[in-house]
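Participant: One structure coming up, written as structure tokens, with questions to follow.
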Amino acid sequence: LWGVWPSGVDAELFKPAQSSRTWPAKGESIQLVYVGVLNYERNLMNLSAAVLKANAEGVLITLSLVGDGNQKDELETFARTTNGCVRVLPRVDHTQIPGVLSRAHIGVLPFPDEEKFQVSSPIKLFEYMASGLPILATRIACHTDVIGDGDYVIWMEGSDEEDLFAALRQVWKKSGELREMGGRAAIASKDWTWSESARKLRTALETGLANLANHKA
């Protein structure tokens with residue numbers, strides 16, 4: 001292995017979301033957002049059910065699912081039973097995503113621990129961070145490889161409904177810390193720009209080719 005060439009983010013595109021966001025006051029609903037493919041394997045129904053359960057307990061959280069996919073119709077049907085705490089919104093052009101994220105308080109990544117999610121870290125993780133959002137994510141390699149021990153994340157220890165529900169309780173408890181967590185996420189995102197990604201690729205290639213040349217010599 002010569003190195004790892006990660007995905008990245010256009011930091012300047014997402015930076016305006018940091019200053020245009022209104023953070024929730026004590027007792028106000030916390031806005032979660034997921035932007036991406038609305039497919040069955042993304043674990044979005046378990047997350048939606050956990051959000052509904054949390055609201056029934058007095059944990060005021062709204063989940064917006066933005067995108068399209070093979071589970072969209074089912075998610076829309078479920079959302080109509082949630083009195084607005086789960087919303088399914090149409091797919092938007094990439095240039096509009098910063099605006100969507102500016103209206104949220106936490107970016108969500110509920111993927112299960114399955115091989116297909118271990119190929120690379122999702123670009124939406126970097127976009128959430130660059131927009132100044134704290135992260136709510138399952139503790140799987142494609143997330144931990146980026147976040148590490150970062151203090152801007154609330155971990156979901158598993159992908160079933162109860163694990164997600166437990167994490168939502170933690171979100172509610174940390175509602176007063178979200179602004180500071182988002183600021184730390186924005187700082188961390190500077191290590192994951194496309195420029196940094198290119199630098200890592202160059203370093204990997206230079207190191208690998210040098211080692212190969214030495215080996216042949």
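Participant: Would you calculate a helix-derived [θ] at 222 nm for the chain, using -39,500 (n - 2.57) for each DSSP H run of n ≥ 4 and dividing by the full residue count, to the nearest 500? Intermediate values should be presented prior to the final figure.
Facilitator: Values: 10 runs with 98 residues, N = 217.
When only DSSP H runs of four or more count, the value is -13000 deg cm²/dmol.
Participant: Which aspartates and glutamates, on any chain, are close to Lys216 with Cα under 18 Å apart, when same-chain ones fewer than 8 places away are left out?
Facilitator: Result set, ordered by chain and number: Glu206.
Participant: Using 0.36 nm times the number of residues separating Leu205 and Ala25, minus their current alpha carbon distance, what extension gain do you get? Before the final figure, lay out the partial values.
Facilitator: Values: separation 180, 0.36 × 180 = 64.80 nm, distance 4.87 nm.
Computed gain between Leu205 and Ala25 is 59.9 nm.
Participant: Once you have the Kirkwood Rh of the stretch 131-217 from its Cα pairs, apply Stokes-Einstein at 4 °C and 1.567 mPa s and quote D in µm²/s.
Facilitator: Working: Rh = 15.3 Å.
The calculation lands on 84 µm²/s.
Participant: Determine the order of Trp192, Trp5 by accessible area, beginning with the largest, at a probe radius of 1.4 Å.
Facilitator: Details: Trp192 45, Trp5 165 Å².
Largest accessible area first, the residues go Trp5, Trp192.
Participant: Of all the Cα-Cα pairs you can form in the stretch 48-166, what percent are over 25 Å apart? List each step's numbers first, then the result.
Facilitator: Details: 1570 of 7021 pairs.
For the stretch 48-166, the fraction of Cα-Cα distances above 25 Å is 22 percent.
Participant: Quick one: if the Förster radius is 35 Å, what FRET efficiency do Asp73 and Thr144 give, using the C-beta to C-beta distance and rounding to 0.05? Intermediate values should be presented prior to the final figure.
Facilitator: Values: r = 33 Å, r/R0 = 0.93.
After rounding, the FRET efficiency stands at 0.60.
Participant: Let me ask something else about it. Among Leu65, Leu89, Leu205, which one shows the highest mean-square fluctuation when the chain is modelled as a Gaussian network with alpha-carbon springs under 10 Å?
Facilitator: Greatest mean-square fluctuation among the candidates belongs to Leu205.
Participant: I need the calculated FRET efficiency for the pair Asn39 and Asp93, taking r as the beta carbon distance and R₀ as 22 Å, to the nearest 0.05. Could the numbers behind the result be given before it?
Facilitator: Numbers: r = 20 Å, r/R0 = 0.90.
For Asn39 and Asp93, the calculated efficiency is 0.65.
Participant: Now for a separate question. Just list whichever of Lys53/Lys190; Lys53/Lys200; Lys26/Lys124 have alpha carbons separated by over 32 Å in the model shown. If you can, show how the numbers build up before the last one.
Facilitator: Numbers: Lys53/Lys190 36 Å; Lys53/Lys200 43 Å; Lys26/Lys124 28 Å.
Distance filter (> 32 Å) returns Lys53/Lys190; Lys53/Lys200.
The values are calculated or read from the model by the stated rules, or taken from the named source; none is laboratory data. It should be emphasised that the depicted structure is a prediction, and the values quoted were computed from it without experimental measurement. Virtual Cβ from ideal backbone geometry, glycine too; neighbours counted across all protein chains shown. Just the protein is used for accessible areas: all its heavy atoms, side chains included, with ligands, DNA and RNA removed. Shrake-Rupley method; radii C 1.70, N 1.55, O 1.52, S 1.80 Å.
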